[in-house]
Each structure stands twice: as structure tokens, then as C-alpha cells.
Amino acid sequence: MSIEGLDRVLEADPPAGSVLLVTGGEGTLKSSLVLAMMSRYLESSAEHGLYASLEQTRDSHLKNMESIGIRWHENLHIFDYRDMRVEWKDHNLDMFSMTKDVLDTYIDRYRDLTLFAMDSLNALYALSPKANHRRNVYDFLTALRDRGLTSILILETGDEVGKGGERFLSDGIIELGVIESYDGVKRYLQIRKMRGARHQMEKHHLVVKPGGLEVLGPIYGPATTSCG
Amino acid sequence: MSLASVGGALIEETNLGKDDREEILSRFVKPNKDILILSILGERPMCGYDLIKEIYRRYNVLLSQGAVYPILYSMEAEGILRAEYSRGNMKTKFYTLTPKGKEVMKRKIGNMVYALEYLLSFLKGSCSG
């Protein structure tokens with residue numbers, strides 16, 4: 001599961017069944033990175049992936065992908081909750097449980113579904129009962145692991161960060177951000193944690209190029225490696 | 001003898017209660033929801049909300065939204081369903097069967113009826129003794 005240049009930072013794919021967090025502020029390409037990683041992985045396998053989007057519609061994601069040159073693969077199913085939320089607006093839907101049902105329905109339909117992404121955890125939290133929040137997060141991550149899925153959870157940094165203990169519970173954290181330097185504003189990608197895979201620790205330059213996203217070298221100084 | 005009458009007779013004989021019947025129906029409806037959705041949409045266009053209510057009305061089984069909307073989207077992507085907004089309502093998508101969807105529905109219902117009748121031909125023999 002990769003994009004061009006990610007192998008500069010991460011020496012191997014995270015072990016299958018890992019739960020990864022992709023964190024960052026607005027405009028740091030979190031959704032694009034995850035969609036690009038999933039699409040590229042699916043190009044070279046016969047597997048299926050599910051991208052569950054609570055905020056943006058499927059069409060909106062597809063347009064964004066096209067605009068920055070990310071090729072969508074037909075085995076990447078983008079499920080948005082728009083219709084469900086519009087039609088059931090007068091009902092209190094439990095989004096944790098609903099998302100597990102969505103996942104099981106796709107697994108039932110596409111037996112070789114191995115990848116899952118949730119965009120975003122913040123929206124999932126906002127639309128779920130506040131009681132037993134940490135328990136819900138723990139149960140949700142356990143449900144993902146029980147199904148053997150490699151999962152990527154998008155978490156926008158802000159008010160809710162860390163409340164669900166997701167940073168401790170996840171197997172890996174990819175942080176995206178923006179740095180203002182003397183030669184302009186740069187986006188970066190940094191692996192903060194990755195169990196079971198060696199990785200660089202530095203912030204690496206993340207760019208949008210005609211064919212999609214690419215990870216370039218470290219923004220500051222030479223790279224150093226850490227074990228996962 | 002029809003499937004329904006054999007089923008009804010067996011239920012009468014075994015004194016199944018309302019809860020048991022609902023449980024049996026639920027066990028049948030959930031794994032076969034694709035066919036039931038196709039069959040209902042073959043009668044008239046519906047949105048996801050109406051479809052869930054209609055399945056509940058017919059079978060007394062309340063399907064999760066998370067079990068129905070993914071099927072609608074997948075079937076639309078596979079060219080089995082067509083989704084359209086109705087005039088004056090750009091919020092709700094209504095689903096209808098495409099010509100391919102009608103073929104798929106007929107084939108799936110045919111397969112199910114064949115399988116059930118085949119099973120029942122043995123089960124009827126077991127009960128008659």
C-alpha cells in the first residue's frame with residue numbers, strides 16, 4: 001500500500017490487519033493520500049477496498065481525485081452516508097454500529113475485501129452517542145481487527161484528538177501537516193509510529209504532481225531510521 | 001402444494017409462537033435481502049427509507065440502514081439498478097430496476113425457488129412419517 005516515494009519513508013507495507021491513523025489539519029491531503037494509497041494497492045491485487053465517507057460525497061471524492069491526478073480503481077468502493085443521513089434525519093442513528101453493518105454488507109458482497117478507511121473519526125465521534133465514547137472506539141477498532149482488515153482512520157487534528165485513545169490503540173500513525181519556511185509553504189508527511197515496519201522519523205516533503213501525490217526527501221537534514 | 005402452504009402447515013403442527021416465527025423469518029430475510037430488494041423494486045421505484053419500511057411491513061424484519069444502502073449503491077454500480085431524483089425532490093434518490101436488473105431478479109428468484117422446492121421435497125417426506 002503505497003504512493004510514489006513513500007518507500008523513502010516506510011521500508012515495507014504495514015502488516016496486514018493493522019489499524020493506522022492518518023492525522024493532520026485541514027488541507028493537508030489526508031483524504032487524497034488515503035484514496036491514493038488504497039487505489040494504488042488495488043491496482044496490483046484482485047482485492048477490494050471500502051472507503052467510508054461521513055463528510056464528503058462519493059462524487060466529491062472522485063472529482064478531487066481526478067483533479068489531482070489520482071487514478072480511481074473500480075475495486076475501491078466509496079460509500080458516503082449522505083442518502084442515509086438525509087432520509088433518516090429524524091432518527092438517531094448509531095454510526096459506530098451502522099458503520100460495522102456497512103462493512104459487513106460489503107464483506108458479504110466482496111469476499112476479498114481487505115482494506116477499509118474511515119473519513120473521518122471526528123465525524124464519526126460527532127454523530128455518535130457521547131456516552132461510553134472510549135469503549136465505542138475500542139470496540140470499533142477491535143471489530144476492524146477481528147475482520148482482518150488493514151484499516152486507515154482519518155483524524156483531523158483539533159478538539160477531539162486523543163479523546164478516544166485512538167493514538168494508543170492504533171498500530172501506526174502517519175502525520176500530515178504544513179510547514180512555512182524561508183522558501184515557501186510545504187506539505188509534509190511524517191511516520192510517527194508504525195508497528196512491524198521500519199520507517200524514517202523525519203518530516204518528508206509531500207507534493208502534488210501531475211500523476212498524483214509523491215513523497216520527496218526530508219524537509220530538514222538527512223534521514224534516520226527507526227524500527228517499528 | 002405451494003411452499004407457503006407447506007411452511008404454514010409445519011408452523012401450525014409445531015406450535016411455533018410469534019417470536020419464533022419472526023426469528024425464522026429474520027434468519028431467512030437477512031441473507032436473502034438482495035433478492036427481496038430486487039423483487040420489491042421490480043414492483044415500483046423506492047428510496048432506501050421506503051424500502052426498509054416495506055421490508056418491515058411485509059416480513060416484520062427491520063433491516064439496518066447499513067445493510068441496505070451499500071446493496072443499493074453496489075447494484076447501481078453494477079448496472080442492476082438506476083438511481084434518479086424525482087421531480088421537485090433533489091434530496092432523495094429513487095431506485096428502479098434496469099433491463100439487466102430485471103434479468104438478474106428473474107434468475108435469482110428462479111434459483112431460490114428451485115433450491116427451496118428441492119429442499120422441501122425431502123423435508124416434506126421427513127414430516128409425513
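Below is a table of values for the structure above.
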quantity: Which of A:ARG145, B:ARG44, A:ARG8 has the fewest Cβ neighbours within 10 Å, and the rest in rising order; calculated: B:ARG44, A:ARG145, A:ARG8
quantity: Cβ crowding within 10 Å averaged over residues, with B:97-109, A:74-86 ranked highest first; calculated: A:74-86, B:97-109
quantity: For the stretch B:39-86, with +1 on Lys and Arg beta carbons and -1 on Asp and Glu, the positive-most of B:TYR56, B:PRO70, B:LEU41 along the dipole; calculated: B:TYR56
quantity: Spatially proximal lysines relative to B:LYS100 (Cα-Cα < 16 Å; intrachain offsets below 8 disregarded); calculated: B:LYS108
quantity: Compactness of chain B - radius of gyration and Dmax, Cα, Å; calculated: 17.1, 61
quantity: Label-to-label distance, nm, for residues given as A:GLU180 and B:LYS102 (7 Å Cα→Cβ offset); calculated: 6.3
quantity: Amide H contacts under 5 Å for A:LYS203, placed H, 5+ residues apart; calculated: A:ILE219, A:TYR220
quantity: Ratio Rg/Rh, restricted to chain A and using Cα atoms, in which Rh is the Kirkwood radius; calculated: 0.95
quantity: Most to least packed among A:32-43, A:101-112 [average Cβ atoms within 10 Å]; calculated: A:32-43, A:101-112
quantity: Share antiparallel - DSSP beta bridges, chain A, percent rounded to 5; calculated: 45
quantity: 5 angstrom amide H check on A:ILE78, placed H, neighbours 5+ away; calculated: A:TYR51
quantity: Built amide H within the under 5 Å cut-off of B:LEU81, gap 5+; calculated: B:GLU76, B:THR98
quantity: Computed magnitude of the charge dipole of the stretch A:12-107 (debye, nearest 20; Cβ of K, R +1, Cβ of D, E -1); calculated: 240
quantity: Whole-Hz ³J(HN,Hα) from phi, Karplus 6.51 cos²θ - 1.76 cosθ + 1.60, for the stretch A:192-198, glycine and proline x; calculated: 8, 6, 7, 5, x, 8, 6
quantity: Pairs from A:LYS193/B:LYS30; A:LYS89/A:LYS209; A:LYS130/A:LYS186; B:LYS30/B:LYS102; B:LYS18/B:LYS91 whose Cα-Cα separation, in the structure shown, is over 29 Å; calculated: A:LYS193/B:LYS30; A:LYS89/A:LYS209; A:LYS130/A:LYS186; B:LYS18/B:LYS91
quantity: Size of charge dipole - the protein assembly as shown - debye, nearest 20, with Cβ of Lys, Arg +1 and Asp, Glu -1, no other charges; calculated: 320
quantity: Averaged over A:5-17, number of beta-carbon atoms from partner chains that fall within 10 Å; calculated: 0
quantity: Only Lys, Arg (+1) and Asp, Glu (-1) charged, at Cβ; the stretch A:16-171 dipole about Cα centre in debye; calculated: 260
quantity: Exercise: per-residue mean of other protein chain Cβ atoms within 10 Å, A:85-91; calculated: 4
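None of the figures in this text is laboratory data; all of them are computed from the coordinates on show. This structure is a prediction, so every number in the text was calculated from the model and none was measured. Positions of Cβ are backbone-derived with ideal geometry, glycine not excepted, and every protein chain shown enters the neighbour counts.
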